[in-house]
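The next block holds one structure in the form of C-alpha coordinates; read it before the comments.
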Amino acid sequence: MTTTKNFLFLWRLAAVSLLLFICVLPAAAQTNRADITGTVTDTAGAVVPDATVTITNVDTNAERTVTTNSDGVYVAPFLEIGNYRVSVTAPNFQTTTRENIRLQTSDRLAVDVQIAAGGVGTNEVTVTAEAPLIQTETSERGSIVTGREVTELPLNGRNFTQLATLTPGVSRVTIGTLSDARANNNGDPNAGGQGPGGGNPVGSTESARFARSGGAVISANGQRPTNNNFSVDGVDNNEPQFGTIGVFVNPDAIAEFRVTTSVPPAEVGRAAGAVVNTSFKSGTNNLNGSLYYYGQNSALNAFAPLIKRDRANQISSGNPNPVGKAVQ
(Lines give C-alpha, C1' and ligand atoms only; values in the text may rest on other atoms or scores of the structure.)
Protein backbone atom coordinates (compact mmCIF):
# COMPACT_ATOMS: atom_id res chain seq x y z
CA MET A 1 0.00 0.00 0.00
CA THR A 2 2.84 2.38 0.89
CA THR A 3 4.57 1.66 -2.41
CA THR A 4 1.37 2.48 -4.33
CA LYS A 5 0.91 5.77 -2.47
CA ASN A 6 4.49 6.77 -3.15
CA PHE A 7 4.07 5.96 -6.82
CA LEU A 8 0.89 8.03 -7.07
CA PHE A 9 2.58 10.93 -5.27
CA LEU A 10 5.58 10.85 -7.60
CA TRP A 11 3.33 10.58 -10.66
CA ARG A 12 1.28 13.60 -9.58
CA LEU A 13 4.44 15.57 -8.78
CA ALA A 14 5.84 14.78 -12.21
CA ALA A 15 2.57 15.78 -13.90
CA VAL A 16 2.44 19.12 -12.04
CA SER A 17 6.11 19.81 -12.84
CA LEU A 18 5.52 19.08 -16.52
CA LEU A 19 2.48 21.38 -16.57
CA LEU A 20 4.45 24.22 -14.95
CA PHE A 21 7.29 23.70 -17.42
CA ILE A 22 4.90 23.90 -20.37
CA CYS A 23 3.32 27.09 -18.99
CA VAL A 24 6.72 28.75 -18.51
CA LEU A 25 7.96 27.91 -22.01
CA PRO A 26 6.08 30.71 -23.88
CA ALA A 27 7.26 33.32 -21.37
CA ALA A 28 10.84 32.12 -21.68
CA ALA A 29 10.72 32.02 -25.46
CA GLN A 30 9.30 35.45 -26.26
CA THR A 31 11.08 38.47 -24.88
CA ASN A 32 11.43 42.18 -25.52
CA ARG A 33 14.94 42.19 -24.09
CA ALA A 34 18.00 43.02 -26.17
CA ASP A 35 21.45 41.50 -26.55
CA ILE A 36 24.92 42.99 -27.00
CA THR A 37 27.68 40.88 -28.50
CA GLY A 38 31.03 41.66 -30.02
CA THR A 39 34.72 40.86 -30.39
CA VAL A 40 37.58 42.47 -28.48
CA THR A 41 40.79 42.90 -30.50
CA ASP A 42 44.07 44.77 -30.16
CA THR A 43 45.40 47.36 -32.62
CA ALA A 44 47.03 44.58 -34.68
CA GLY A 45 43.71 42.78 -35.10
CA ALA A 46 44.53 39.87 -32.76
CA VAL A 47 41.73 38.75 -30.44
CA VAL A 48 42.03 39.42 -26.71
CA PRO A 49 40.80 36.54 -24.52
CA ASP A 50 39.79 36.88 -20.86
CA ALA A 51 39.11 40.61 -21.19
CA THR A 52 36.57 42.02 -18.76
CA VAL A 53 33.61 43.70 -20.46
CA THR A 54 31.30 45.89 -18.37
CA ILE A 55 27.96 46.92 -19.87
CA THR A 56 26.30 49.80 -18.01
CA ASN A 57 22.78 51.13 -18.41
CA VAL A 58 23.35 54.88 -18.11
CA ASP A 59 19.67 55.49 -17.22
CA THR A 60 19.71 53.24 -14.14
CA ASN A 61 23.45 52.57 -13.55
CA ALA A 62 22.72 48.83 -13.66
CA GLU A 63 25.82 46.89 -14.69
CA ARG A 64 26.47 43.55 -16.36
CA THR A 65 30.00 42.09 -16.41
CA VAL A 66 31.07 39.35 -18.81
CA THR A 67 34.38 37.92 -20.00
CA THR A 68 35.59 37.29 -23.53
CA ASN A 69 36.21 33.68 -24.53
CA SER A 70 39.26 32.23 -26.26
CA ASP A 71 38.11 33.81 -29.55
CA GLY A 72 37.77 37.26 -27.96
CA VAL A 73 33.98 37.11 -28.21
CA TYR A 74 31.60 38.25 -25.47
CA VAL A 75 27.79 38.04 -25.21
CA ALA A 76 25.52 39.96 -22.82
CA PRO A 77 21.94 38.70 -23.28
CA PHE A 78 18.56 39.84 -21.94
CA LEU A 79 19.35 43.50 -21.38
CA GLU A 80 16.68 46.12 -20.70
CA ILE A 81 16.10 48.59 -23.52
CA GLY A 82 17.82 51.92 -22.98
CA ASN A 83 21.13 53.75 -23.36
CA TYR A 84 24.34 51.89 -22.62
CA ARG A 85 28.10 52.18 -22.53
CA VAL A 86 30.54 49.30 -22.90
CA SER A 87 33.92 49.34 -21.14
CA VAL A 88 36.70 46.81 -21.75
CA THR A 89 39.69 46.21 -19.49
CA ALA A 90 42.52 43.70 -19.83
CA PRO A 91 46.01 43.34 -18.34
CA ASN A 92 48.62 45.45 -20.15
CA PHE A 93 45.91 47.25 -22.17
CA GLN A 94 44.29 50.64 -21.83
CA THR A 95 40.68 50.74 -20.66
CA THR A 96 38.49 51.49 -23.67
CA THR A 97 34.86 52.66 -23.49
CA ARG A 98 32.23 52.88 -26.18
CA GLU A 99 29.35 55.22 -25.37
CA ASN A 100 25.97 56.27 -26.79
CA ILE A 101 24.83 52.74 -27.50
CA ARG A 102 21.05 52.63 -27.84
CA LEU A 103 19.31 49.29 -27.30
CA GLN A 104 15.78 48.95 -28.64
CA THR A 105 13.18 46.23 -28.33
CA SER A 106 14.50 42.79 -29.36
CA ASP A 107 17.76 44.27 -30.65
CA ARG A 108 20.92 42.20 -31.06
CA LEU A 109 23.77 44.64 -31.57
CA ALA A 110 27.36 43.89 -32.47
CA VAL A 111 29.62 46.19 -30.46
CA ASP A 112 33.24 45.38 -31.35
CA VAL A 113 35.94 47.06 -29.27
CA GLN A 114 39.58 47.61 -30.19
CA ILE A 115 41.92 48.21 -27.27
CA ALA A 116 45.45 49.58 -27.33
CA ALA A 117 48.44 48.40 -25.34
CA GLY A 118 49.29 50.44 -22.27
CA GLY A 119 50.53 50.13 -18.72
CA VAL A 120 48.97 50.92 -15.41
CA GLY A 121 47.87 54.54 -15.05
CA THR A 122 47.55 55.22 -18.77
CA ASN A 123 44.65 57.32 -19.98
CA GLU A 124 41.28 55.80 -20.73
CA VAL A 125 40.18 55.74 -24.37
CA THR A 126 36.55 56.76 -25.02
CA VAL A 127 34.88 56.03 -28.34
CA THR A 128 31.55 57.54 -29.34
CA ALA A 129 29.49 54.70 -30.81
CA GLU A 130 27.62 55.04 -34.07
CA ALA A 131 24.72 52.98 -35.35
CA PRO A 132 25.90 50.22 -37.71
CA LEU A 133 24.99 50.75 -41.34
CA ILE A 134 24.21 47.06 -41.81
CA GLN A 135 22.50 44.77 -39.30
CA THR A 136 24.66 41.64 -39.28
CA GLU A 137 23.45 39.87 -36.15
CA THR A 138 19.86 39.08 -37.17
CA SER A 139 17.80 38.64 -40.32
CA GLU A 140 14.70 40.30 -38.86
CA ARG A 141 13.29 43.28 -40.71
CA GLY A 142 10.81 45.83 -39.42
CA SER A 143 10.82 49.13 -37.58
CA ILE A 144 10.64 50.70 -34.14
CA VAL A 145 7.88 53.16 -33.18
CA THR A 146 9.18 55.24 -30.28
CA GLY A 147 7.26 56.35 -27.22
CA ARG A 148 7.45 59.96 -28.37
CA GLU A 149 5.79 59.03 -31.66
CA VAL A 150 3.08 57.13 -29.76
CA THR A 151 2.23 60.08 -27.50
CA GLU A 152 2.60 62.94 -30.01
CA LEU A 153 1.23 61.56 -33.29
CA PRO A 154 -2.59 61.65 -33.73
CA LEU A 155 -4.37 58.54 -32.44
CA ASN A 156 -8.08 57.80 -32.74
CA GLY A 157 -9.30 56.28 -29.48
CA ARG A 158 -5.74 56.09 -28.07
CA ASN A 159 -5.17 52.97 -30.16
CA PHE A 160 -1.40 52.64 -30.55
CA THR A 161 -1.63 49.87 -33.19
CA GLN A 162 -2.68 52.49 -35.75
CA LEU A 163 0.98 53.57 -35.84
CA ALA A 164 2.06 50.13 -37.04
CA THR A 165 1.28 51.41 -40.54
CA LEU A 166 4.44 53.54 -40.31
CA THR A 167 6.24 50.28 -41.10
CA PRO A 168 6.65 49.47 -44.82
CA GLY A 169 4.32 46.68 -45.91
CA VAL A 170 1.78 47.24 -43.11
CA SER A 171 -1.73 48.57 -43.81
CA ARG A 172 -5.14 48.75 -42.16
CA VAL A 173 -7.84 46.28 -43.23
CA THR A 174 -11.16 47.86 -44.26
CA ILE A 175 -12.92 44.79 -45.71
CA GLY A 176 -13.92 41.71 -43.77
CA THR A 177 -15.42 40.70 -40.43
CA LEU A 178 -12.43 42.02 -38.51
CA SER A 179 -11.94 45.35 -40.22
CA ASP A 180 -11.43 49.00 -39.45
CA ALA A 181 -15.12 49.91 -39.66
CA ARG A 182 -14.38 53.59 -39.01
CA ALA A 183 -13.45 53.85 -42.69
CA ASN A 184 -17.06 53.03 -43.59
CA ASN A 185 -19.45 53.87 -40.77
CA ASN A 186 -17.62 56.66 -38.90
CA GLY A 187 -18.44 55.11 -35.57
CA ASP A 188 -22.14 54.39 -36.15
CA PRO A 189 -22.89 51.26 -34.06
CA ASN A 190 -25.96 50.42 -36.21
CA ALA A 191 -24.09 50.41 -39.49
CA GLY A 192 -22.55 46.96 -39.12
CA GLY A 193 -19.02 45.96 -39.95
CA GLN A 194 -19.27 46.94 -43.62
CA GLY A 195 -20.67 50.44 -43.31
CA PRO A 196 -24.19 51.75 -43.90
CA GLY A 197 -26.37 49.20 -45.66
CA GLY A 198 -23.79 46.41 -45.38
CA GLY A 199 -23.17 43.56 -42.98
CA ASN A 200 -25.28 43.01 -39.88
CA PRO A 201 -27.56 46.06 -39.46
CA VAL A 202 -27.25 45.90 -35.65
CA GLY A 203 -23.46 45.55 -35.66
CA SER A 204 -21.66 42.23 -35.41
CA THR A 205 -19.93 41.12 -32.22
CA GLU A 206 -16.52 41.42 -33.84
CA SER A 207 -17.20 44.93 -35.09
CA ALA A 208 -18.67 46.06 -31.78
CA ARG A 209 -15.69 44.66 -29.90
CA PHE A 210 -12.82 45.71 -32.11
CA ALA A 211 -13.67 47.83 -35.15
CA ARG A 212 -15.20 50.77 -33.29
CA SER A 213 -11.69 51.88 -32.24
CA GLY A 214 -10.03 50.62 -35.38
CA GLY A 215 -8.97 47.49 -33.52
CA ALA A 216 -5.66 45.85 -34.31
CA VAL A 217 -6.68 45.00 -37.85
CA ILE A 218 -3.30 45.37 -39.52
CA SER A 219 -2.11 43.39 -42.49
CA ALA A 220 1.60 42.78 -42.99
CA ASN A 221 2.69 41.97 -46.53
CA GLY A 222 -0.85 41.00 -47.53
CA GLN A 223 -1.41 38.51 -44.70
CA ARG A 224 -4.70 38.25 -42.84
CA PRO A 225 -5.18 40.44 -39.74
CA THR A 226 -5.57 37.26 -37.66
CA ASN A 227 -2.04 36.15 -38.58
CA ASN A 228 -0.29 38.67 -36.34
CA ASN A 229 1.37 38.03 -33.00
CA PHE A 230 1.18 40.57 -30.15
CA SER A 231 3.18 40.64 -26.92
CA VAL A 232 3.89 43.07 -24.08
CA ASP A 233 7.32 42.89 -22.46
CA GLY A 234 7.63 39.42 -23.94
CA VAL A 235 4.30 38.22 -22.48
CA ASP A 236 1.65 36.88 -24.87
CA ASN A 237 -1.02 39.51 -25.66
CA ASN A 238 -3.21 37.69 -28.19
CA GLU A 239 -6.99 37.46 -28.01
CA PRO A 240 -7.81 33.76 -28.54
CA GLN A 241 -11.31 33.98 -30.03
CA PHE A 242 -10.73 36.29 -33.01
CA GLY A 243 -6.95 36.10 -33.23
CA THR A 244 -6.24 39.79 -32.63
CA ILE A 245 -4.71 41.84 -29.82
CA GLY A 246 -5.84 41.05 -26.28
CA VAL A 247 -5.17 44.26 -24.33
CA PHE A 248 -4.58 47.74 -25.73
CA VAL A 249 -1.69 49.20 -23.76
CA ASN A 250 -2.03 52.76 -22.44
CA PRO A 251 -0.04 54.90 -24.91
CA ASP A 252 1.55 56.88 -22.06
CA ALA A 253 3.04 53.67 -20.64
CA ILE A 254 4.72 52.61 -23.90
CA ALA A 255 8.47 53.09 -24.21
CA GLU A 256 8.40 51.81 -27.80
CA PHE A 257 7.12 48.94 -29.86
CA ARG A 258 8.72 46.94 -32.63
CA VAL A 259 6.85 45.75 -35.73
CA THR A 260 8.64 42.83 -37.40
CA THR A 261 7.40 42.01 -40.89
CA SER A 262 10.01 39.49 -42.05
CA VAL A 263 9.98 35.79 -41.19
CA PRO A 264 9.91 35.81 -37.37
CA PRO A 265 12.51 33.96 -35.29
CA ALA A 266 11.78 30.48 -34.00
CA GLU A 267 11.08 31.63 -30.44
CA VAL A 268 8.12 33.71 -31.61
CA GLY A 269 6.34 31.32 -33.97
CA ARG A 270 2.61 31.44 -34.70
CA ALA A 271 2.74 34.55 -36.85
CA ALA A 272 2.76 34.60 -40.63
CA GLY A 273 2.01 38.32 -40.50
CA ALA A 274 3.49 40.98 -38.23
CA VAL A 275 5.07 40.48 -34.81
CA VAL A 276 4.21 43.47 -32.59
CA ASN A 277 6.31 43.52 -29.41
CA THR A 278 5.48 46.36 -27.02
CA SER A 279 7.80 47.52 -24.23
CA PHE A 280 6.64 49.31 -21.10
CA LYS A 281 8.52 52.33 -19.86
CA SER A 282 11.11 51.53 -17.21
CA GLY A 283 12.27 53.48 -14.22
CA THR A 284 15.26 55.82 -14.33
CA ASN A 285 17.19 57.93 -11.85
CA ASN A 286 14.91 60.88 -12.61
CA LEU A 287 11.32 61.40 -11.45
CA ASN A 288 8.97 61.63 -14.44
CA GLY A 289 5.23 61.80 -14.92
CA SER A 290 2.56 62.65 -17.46
CA LEU A 291 -0.92 64.10 -17.58
CA TYR A 292 -3.40 63.86 -20.43
CA TYR A 293 -6.96 64.81 -21.24
CA TYR A 294 -8.98 62.85 -23.77
CA GLY A 295 -12.36 64.10 -24.96
CA GLN A 296 -14.63 63.95 -27.98
CA ASN A 297 -16.97 66.78 -28.85
CA SER A 298 -19.91 66.14 -31.17
CA ALA A 299 -19.38 69.56 -32.72
CA LEU A 300 -16.12 68.28 -34.16
CA ASN A 301 -17.50 64.95 -35.45
CA ALA A 302 -17.64 64.13 -39.15
CA PHE A 303 -20.29 61.85 -40.65
CA ALA A 304 -20.49 59.80 -43.81
CA PRO A 305 -22.90 61.48 -46.28
CA LEU A 306 -25.39 58.60 -46.11
CA ILE A 307 -25.52 58.60 -42.31
CA LYS A 308 -25.78 62.39 -42.19
CA ARG A 309 -28.64 62.36 -44.70
CA ASP A 310 -30.61 59.65 -42.86
CA ARG A 311 -30.05 61.35 -39.52
CA ALA A 312 -31.27 64.70 -40.89
CA ASN A 313 -34.41 63.06 -42.35
CA GLN A 314 -35.22 61.34 -39.05
CA ILE A 315 -34.72 64.49 -37.00
CA SER A 316 -36.87 66.53 -39.39
CA SER A 317 -39.68 63.97 -39.10
CA GLY A 318 -39.91 64.62 -35.40
CA ASN A 319 -38.57 61.26 -34.23
CA PRO A 320 -36.84 62.03 -30.90
CA ASN A 321 -34.95 58.70 -30.83
CA PRO A 322 -34.00 57.82 -34.40
CA VAL A 323 -32.87 54.21 -34.83
CA GLY A 324 -30.01 55.18 -37.15
CA LYS A 325 -28.76 58.06 -35.06
CA ALA A 326 -24.98 58.39 -35.28
CA VAL A 327 -22.87 58.30 -32.16
CA GLN A 328 -21.71 61.72 -31.02
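The values are calculated or read from the model by the stated rules, or taken from the named source; none is laboratory data. These numbers were taken from a predicted model, which means no experiment stands behind them. Every residue, glycine among them, receives a Cβ derived from its backbone with ideal geometry; neighbour counts consider all protein chains shown.
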Original post:
In the stretch 260-298, which residues are more than 18 Å from G82 (Cα to Cα) and at pLDDT 80 or above?
Top reply: T260, T261, S262, A272, G273, A274, V275, V276
Subject >> Filtered residue count, the stretch 252-270, keeping only those that are surrounded by 20 or more Cβ atoms within 10 Å (Cβ to Cβ) and either over 19 Å from R108 (Cα atoms) or more than 14 Å from the chain's Cα centre (by Cα) (or both) >> reply: 1
Original post:
What about S171, is it within 24 Å of T68 (Cα to Cα), at pLDDT below 90 and either within 15 Å of the chain's Cα centre (by Cα) or in a strand (DSSP E or B) (or both)?
Top reply: no
Original post:
So, in the stretch 99-116, of the ones that are of a type in the set (D, E, K, R) and more than 13 Å from the chain's Cα centre (by Cα), which residue ends up surrounded by the most Cβ atoms within 10 Å (Cβ to Cβ)?
Top reply: R108
Original post:
From the residues in the stretch 133-147 that are within 16 Å of the chain's Cα centre (by Cα) and not aliphatic (A, V, I, L, M), which one is modelled with the lowest pLDDT?
Top reply: E140
**OP:** State the number of residues belonging to the stretch 239-259 that are touching a residue at least 24 places away in the same chain (Cβ under 8 Å), over 28 Å from N83 (Cβ atoms) and in a strand (DSSP E or B).
**Re:** 2
Original post:
Only one of (1) under 30 Å from G289 (Cβ atoms); (2) in contact with a strand residue (DSSP E or B) (Cβ under 9 Å, 6 or more places away or on another chain); (3) at pLDDT below 90; (4) not aromatic (F, W, Y) fails for V150. Which number is that?
Top reply: (3)
**OP:** Working carefully through the options V235, V249, find the one that is modelled with pLDDT of 85 or more, more than 18 Å from R158 (Cβ to Cβ), among the hydrophobic types (A, V, I, L, M, F, W, C) and under 14 Å from the mean Cα position of the chain (by Cα).
**Re:** V235
**OP:** Might you check whether a residue that is of a type in the set (V, I, T) and at pLDDT below 70 occurs anywhere in the stretch 183-203?
**Re:** yes
Subject >> Candidates R12, R64, R33, filtered to the one that is modelled with pLDDT under 90, closer than 30 Å to R258 by Cα and of a type outside the set (F, W, Y) >> reply: R33
Subject >> Looking only at the stretch 252-265, and only at residues there that are touching a Ser or Thr at 6+ places or on another chain (Cβ under 8 Å) and among the aliphatic types (A, V, I, L, M), the one that is farthest from E152 (Cα to Cα) >> reply: V263
**OP:** Specify the residue that is nearest to the chain's Cα centre (by Cα); the eligible residues are those in the stretch 53-77 that are assigned to a strand (DSSP E or B) and under 17 Å from N285 (Cα atoms).
**Re:** N57
Original post:
Looking at this structure, is G215 touching a strand residue (DSSP E or B) at 6+ places or on another chain (Cβ under 8 Å) and modelled with pLDDT under 80?
Top reply: yes
